Amino acid sequence: MPLMADAGLDAINPVQFTCKDMALADIKKELYGKLTLWGGGCDTRNMLPRGTPEEIVPHVKENLGILNRGGGFIFQQVHNILADVPPANVAAMFKTVREFGGNNV
């Protein structure tokens with residue numbers, strides 16, 4: 001990803017932190033000020049479809065705490081929200097974002 005930033009790319013999507021060597025804190029540190037991170041706010045592979053609203057809230061808060069620090073982040077979940085995701089989980093995710101920083105995220 002640093003090479004993409006050096007080549008002039010402005011943003012990267014997805015930020016799929018469930019992949020090997022993709023820890024959010026490391027990504028943010030490495031790319032801060034170089035690339036806008038578009039995504040990574042919530043895991044759509046495991047957490048969003050299988051978690052509960054009570055599990056999603058701290059998950060999203062943790063990710064926002066890392067990614068939103070200093071700017072350069074657009075909230076988006078890792079990938080599209082699929083049909084198997086309970087609506088209450090989607091609501092919990094976006095409610096958490098609004099409470100965390102509203103228009104600043």
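Extension gain for the segment A91 to K20, taken as residue separation times 0.36 nm less the Cα-Cα distance, is 22.7 nm to one decimal. Each of C42, N13, G71 was placed along the dipole of the chain (beta-carbon charges, centred on the mean Cα), and the one lying farthest toward the positive end is G71.
The Cα trace of the chain gives Rg and Dmax of 13.5, 41 Å, the first to one decimal, the second as a whole number.
With θ taken as phi - 60° and the Karplus curve 6.51 cos²θ - 1.76 cosθ + 1.60 applied, the whole-hertz 3J(HN,Hα) list for segment 88-94 is 4, 6, 5, 4, 5, 4, 6 Hz, x standing for glycine and proline. Under the rule of -39500 (n - 2.57) per DSSP H run of 4 or more residues, summed and divided by the residues of the chain, what mean residue ellipticity at 222 nm is obtained, to the nearest 500 deg cm²/dmol? So the helix-based figure for the chain works out to -12500 deg cm²/dmol. Determine the dipole magnitude for the chain: charges of +1 sit on the beta-carbon of Lys and Arg, -1 on that of Asp and Glu, nothing else is charged, the reference point is the Cα centre, and the result goes in debye to the nearest 20. It comes to approximately 120 debye.
FYI, it's all coordinate maths here, none of it is from the lab. Bear in mind that the values here come from a model prediction, so they are computed numbers and not experimental data. Please note: Cβ atoms are built from the backbone with ideal geometry, for glycine as well, and neighbour counts cover all protein chains shown.
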